[in-house]
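Some notes on the structure that comes next.
The values are calculated or read from the model by the stated rules, or taken from the named source; none is laboratory data. Remember, it's a predicted structure, so these values are computed and weren't measured experimentally. Cβ atoms come from the backbone with ideal geometry, glycine included; neighbour counts cover every protein chain shown.
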Amino acid sequence: MKTITIYPVTRIEGHAKVTINLDDDGNVADTFVNVVELRGFEKFCIGRPAEELPRIVTSICGVCPWHHHLASAKANDAIFGVTPPPTGIKLRDLCQSIAYCSDKILHFFFLAGPDFVMGPDADYSVRNVIGIAQSNPEIGRKVVRARHLGTQMLGITSGKAIHPVTAVPGGFSKPLTQADREKLLPLAEEVLEFAKFAMAFAKESIFPKYLDLIKSIGIIETGFLGTVTDDGTLELYDGKARLMKPDASYEEFEYADYADHIGEHVEPWSYMKFPYAKDWGPISMDLDNPSAIYRTNALARINVCDKMATPLAQAELEEFRDTFGRPAQQTLLYNYARLIELLYNAEHVLELLNDPEITGQETRVPVTPRAARGVGCVEAPRGTLIHDYETDEKGLITNVNLIVGTTHNNAPINMSVKQAAKTLIKDGNYDEAILNKIEMAIRAYDPCLSCATHKLDSSIAVKLEVRDSNGQVIDTIANW
Amino acid sequence: MAVKVAEEWLNICGGCEVTILDIGEPLLDLLPELNFVHMPVLMDHKYNGQTGDKEGMEIPEADVGIISGGVRTEKEKKVAEEMRNKCKTLVALGSCACYGGIPAMANMYTVEALCDKVYRDSKTTEPADTPSENLPPLLDRVYAVDEIVKVDVYIPGCPTNPDLIVKALTALLEGKEFKLEERSVCDECPLKREKKAAGGDIKRTLDSVDFDQSKPWDNTRCFMEQGYLCLGPVTLAGCGNKEGNGDGVTVPRCIKGMMPCRGCFGPIRKGANPLVDMMTAISSIGLDAKQVPDRRALLNRYIGGQKRLRPLPARPR
């Protein structure tokens, strides 16, 4: 028996390792991806004043701090029993969509993109954004600038772009001045132009070349979880959760009731938990007969929504659905779905900036401590993000429960890696390009292992287990 | 010849890596002078050879090594040591690497207490034993990088300011030393100070500070003097950028967001004790330092490594 290791998994947020075990014939016996990081946020947030949490939980993730910031601020609204003024909500929504734009650009062009732009078989030394910048200087400069625009815009709205401070219990800490809006508008126009370019570039030059890979790598069948408005429109800041089965039937629930619908399974071999749909029976990650598995992130949101709120994104959604059906199950289509969401967010930012209410003067209401429970939820780029807090009468935190985007995808990532490895490695033959294609199945999910392992800090490492047909562990390989 | 750079992230959120990208277009101009030989977030260099066939972890030799994140596990300790061995100059990037950062708030609890919360006292989780099969050994607490290996250059901040990364890299390229000036956030804050508080109790950020965006910054009173705890007096300056096109005043980031500082750049000088210094600063303007809620965690939020935060003995019941 031979063991193959990919260590570290690169161009993802966090550290991971994949180990693949081959049987005597050189075929994949079984793989088991095991993330072994844990962090302590749920513990060390206890005792802190509730209003400080939006400034602490941001450090769960430096890539998507805005979404943790906003989920935390929303949980605070619920705890203090207040509804922010419309301008406060719109400013939060604006920042969320600006952050989304940078996040999408980061993933598509800096993390996953080099596989497609340079090719999955390209030498590792150039299969990265620096390689893109050197071989296509014009695209490189465009991409670096476009991603940075989001940071500049968030600096204008909020001072601190990473680990932000302006979403507060009861609203937003300051109004947007007319002068700042004028500064933002041309930048927002530029982001929208870039989003159009990215979509057209990917549809013309990228996706057609990789249809075979899209149809073969990481294919699994699961349900999907996302957020929609009352009329089924894709929504990121506030709405209700929609949980869709593989047959496209779905149920909807309020965020505050999440614990009735989502369970978290613990395996003795992993610090990272495995969320599952409680109503769909016990969890099974068997490739041939999966059970209670759902996915989150862009593809899930694109699948569960009936429509999108902005014209360009809606047109792309229709084209996507005509081509790939609903729900689309092909894992690499996450990359496609992300670009549709980039377009939506770029359009939404402009829509908000052109809304007269965005420069309203009333952005927050004062709050008074009390004993309460509050659930705050947003769609983070990597999935439905749930912050659930309880406080005592002084407004100090007594309990915290967090379920973050990447954690929802723990089981699906495991399954997609296994499927990819089984498809690509035959008779003991593999090379660097094949191993990179297995990594592509992970990158499609854009996993953020910093987020997913917020429980207790430790190394982000991965363990694989080899099991026989009865599920007995026959070998274990880890990176420590 | 281009300078070889290796970058590693340990106990991280990734914000410092995003900050490197936030250098923006000037980064492209720096690129010809930098040769990145290892950087897991952006590059596919592997520890054990590209098909995983080599024994032992190997990071290529580099002129400059950059580490973000503190050290929590034996594995991260090994990575820090390998980086030190292979890099001529080692840079600690961000407050986690420099002081432990927010994750070092976990140093207030034992590892056992953290696991009890996560696996046996969580709303949605099926209660279970702490996973223990072949898991990597945790260190007893979160360590700053310089508690494990020697660090040559410190670039603090949560995250740091991209301008400081450029300044540090430029200095290194020119063979010069890089060190931040020992100034406080207050030293570069444009708000109006009258050296005494407006009166009343210390306030939590449950309501807005008073401010007027239509007038220049010095028309707004210092947040601390308004009664809102602000860590500016004991925090190293460097987060702020000039407003407008670089010709305006420098405003610390959180102040620009109309929120008080929480100390993310860490102490002004090595060996300072921000908790004690802050108590003095509060008292000196006539506020009652005893009123600060959750004092220990608040004043050590970003600096819990280097033994500043540790578990307290259980209170007798």
For segment B:206-231, which positions are more than 17 Å from B:Lys192 (Cβ to Cβ) and either under 22 Å from the mean Cα position of the chain (by Cα) or modelled with pLDDT under 95 (or both)?
B:Leu229, B:Leu231
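Mind checking which residues of segment B:97-120 are polar (S, T, N, Q) and either within 12 Å of A:Ile46 (Cα to Cα) or surrounded by fewer than 22 Cβ atoms within 10 Å (Cβ to Cβ) (or both)? Before the answer, list the steps.
Let us first name the residues in segment B:97-120 that are polar (S, T, N, Q), namely B:107, B:110.
Correct list: B:Thr110 only.
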Whether any residue in segment A:261-275 is more than 13 Å from every other protein chain (Cβ to nearest Cβ) and in contact (Cβ under 8 Å) with a residue 40 or more places away in the chain is what I want to check.
no
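Listed residues B:Lys167, B:Lys176, B:Lys195, B:Lys215; which is of a type in the set (Lys, Arg) and within 12 Å of another protein chain (Cβ to nearest Cβ)? If you could, list the steps in order and put the result at the bottom.
Values: B:Lys167 fails: within 12 Å of another protein chain (Cβ to nearest Cβ); B:Lys176 fails: within 12 Å of another protein chain (Cβ to nearest Cβ); B:Lys195 fails: within 12 Å of another protein chain (Cβ to nearest Cβ).
Going through B:Lys167, B:Lys176, B:Lys195, B:Lys215 in turn, the sole match is B:Lys215.
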Name the residue that is surrounded by the fewest Cβ atoms within 10 Å (Cβ to Cβ), counting only residues in segment B:5-15 that are more than 7 Å from chain A (Cβ to nearest Cβ) and either in contact with a Gly (Cβ under 7 Å, 6 or more places away or on another chain) or under 13 Å from A:Ile130 (Cα atoms) (or both).
B:Ala6
For B:Glu182, which of the numbered conditions (1) closer than 15 Å to B:Ile66 by Cβ; (2) touching a residue at least 60 places away in the same chain (Cβ under 8 Å) fails to hold?
(1)
Given (1) within 23 Å of A:Gly62 (Cα to Cα); (2) touching a strand residue (DSSP E or B) at 6+ places or on another chain (Cβ under 8 Å), number of the condition B:Pro137 does not satisfy
(1)
Among helices (runs of 4 or more DSSP H) lying entirely in segment B:232-317, which contain 2 or more residues that are among the charged types (D, E, K, R) and modelled with pLDDT of 90 or more?
B:253-256, B:295-299
Condition first: more than 13 Å from chain B (Cβ to nearest Cβ), in contact with a Leu (Cβ under 6 Å, 6 or more places away or on another chain), farther than 18 Å from A:Ile56 by Cα and buried (at least 24 other Cβ atoms within 10 Å of the Cβ). Can you find one or more residues in segment A:341-348 that meet it?
yes
Name the residues in segment A:322-337 that are assigned to a helix (DSSP H, G or I) and out of contact with any helix residue (DSSP H, G or I) (no Cβ under 7 Å at 6 or more places or on another chain), would you?
A:Asp322, A:Thr323
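Criterion first (crowded, with 24+ Cβ neighbours inside 10 Å, of a type in the set (S, T, N, Q) and within 30 Å of A:Glu42 (Cα to Cα)) does A:Thr296 satisfy it?
On the way: crowded, with 24+ Cβ neighbours inside 10 Å: yes; of a type in the set (S, T, N, Q): yes; within 30 Å of A:Glu42 (Cα to Cα): yes.
Taking the combined requirement at face value, the residue satisfies it.
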For segment A:361-423, list the strands (runs of 3 or more DSSP E) that sit wholly inside it and hold at least 2 residues that are charged (D, E, K, R) and within 27 Å of A:Pro86 (Cβ to Cβ); which are they?
A:372-380
Return a yes/no flag: does segment A:310-322 have any residue that is in contact with a Pro (Cβ under 7 Å, 6 or more places away or on another chain) and either of a type in the set (Phe, Trp, Tyr) or buried (at least 24 other Cβ atoms within 10 Å of the Cβ) (or both).
no
Just the residues that are of a type outside the set (A, V, I, L, M, F, W, C), buried (at least 24 other Cβ atoms within 10 Å of the Cβ) and within 22 Å of B:Leu180 (Cα to Cα), please, taken from segment B:67-96.
B:Ser68, B:Gly69, B:Gly70, B:Gly94, B:Ser95
Taking segment A:302-321 and keeping only residues that are more than 23 Å from A:Glu193 (Cα to Cα) and part of a helix (DSSP H, G or I), one is left with A:Asn303, A:Val304, A:Arg321
Can we say A:Ser173 is over 20 Å from the mean Cα position of the chain (by Cα), outside the structural domain of A:Leu312 (by TED's automatic domain parsing), among the small types (Gly, Ala, Ser) and within 30 Å of A:Ser416 (Cβ to Cβ)?
no
